[in-house]
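Undergrad: Right, I'll just put the structure down here and ask away after.
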Amino acid sequence: MHIKRALLYPEQYPTNECYPFNQDLFTQTRSFALDAPVTLLVGENGTGKSTLLEAISHRCGIHIWRSTDRTPLVVNRYKQELHKFMRIEWVDGPVPGSYFASDMFRDFAQILDEWARTDPGILKYFGGGSLMTLSHGQSLMSYFRSRYRIKGLYLLDEPETALSPSSQIELVRLIREMSLAGHAQFIVATHSPILLACPAARILSFDSIPVCEVAYEDTEHYKVYKAFMEDRDKYLDGA
């Protein structure tokens, strides 16, 4: 493991009126326990999982590949500021790593192609070929297989978005294998009951304030999928 926990300091927040500083979760949760090889963040949309992942990434010096040519209609100048009021407890000092979000991956793949025009050898670190020539799901798995064999801290935001169930199982196996090897630590925000089933992972529920650890079978995602599979007609008739 590379980090033990992330600590927040709500008393230092610059405002209590704008996101994320107006969220009860970030004012009432002062410590996020991350001292497990794999930590999974689960909760409804908008509960703050992605915001926490990005803050940890910024605080750990991990670059986020994001296109800068689009400006939102409403600008929130505080949106990316949570990391300034966060402290990371490292095990043996900072390590390199990467941040993954599927909506940003195409930007990264295009940039990688541009680099490869002058340095074709760089592609060997990402499966050996252009990620742009593969389907979205195939390019993700090619990236995961190559990148996660390198020592580091890996943050993933809903990686299941473009993955089939079988590819999600492959990703779980890869995460499990690399975490057991002792050189890679993973923090993953997900809605996938397949990823949530990663053996020995810690699951933190963002549906609770403050955030708390939950068992796999106690997650809302597991309960909903299980109930649906057992009696799908009941759910579809009520839709």
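The values are calculated or read from the model by the stated rules, or taken from the named source; none is laboratory data. Please read these numbers as outputs of a predicted model, since none were measured by experiment. We place every Cβ from the backbone using ideal geometry, glycine too, and count neighbours over all the protein chains shown.
Undergrad: Being surrounded by fewer than 21 Cβ atoms within 10 Å (Cβ to Cβ), among the polar types (S, T, N, Q) and either closer than 14 Å to VAL188 by Cα or more than 21 Å from the chain's Cα centre (by Cα) (or both) narrows it down to one residue among GLN12, GLN80, GLN23; which is it?
TA: Just one listed residue meets the conditions, GLN12.
Undergrad: Follow-up. Tell me, yes or no, whether the stretch 28-46 has at least one residue that is of a type in the set (Asp, Glu) and surrounded by 18 or more Cβ atoms within 10 Å (Cβ to Cβ).
TA: no
Undergrad: Run PHE108 past the list (1) modelled with pLDDT of 95 or more; (2) surrounded by 12 or more Cβ atoms within 10 Å (Cβ to Cβ) and report the number of the one that doesn't hold.
TA: Condition not satisfied by PHE108: (1).
Undergrad: I need the full set of residues from the stretch 3-52 which are assigned to a loop (DSSP other than H, G, I, E, B) and of a type in the set (Gly, Ala, Ser), in order please.
TA: Correct list: ALA36, GLY43, GLY46, GLY48.
Undergrad: Tell me, yes or no, whether the stretch 53-68 has at least one residue that is in a loop (DSSP other than H, G, I, E, B), surrounded by 20 or more Cβ atoms within 10 Å (Cβ to Cβ) and modelled with pLDDT of 95 or more.
TA: Yes, some residue in the stretch 53-68 is in a loop (DSSP other than H, G, I, E, B), surrounded by 20 or more Cβ atoms within 10 Å (Cβ to Cβ) and modelled with pLDDT of 95 or more.
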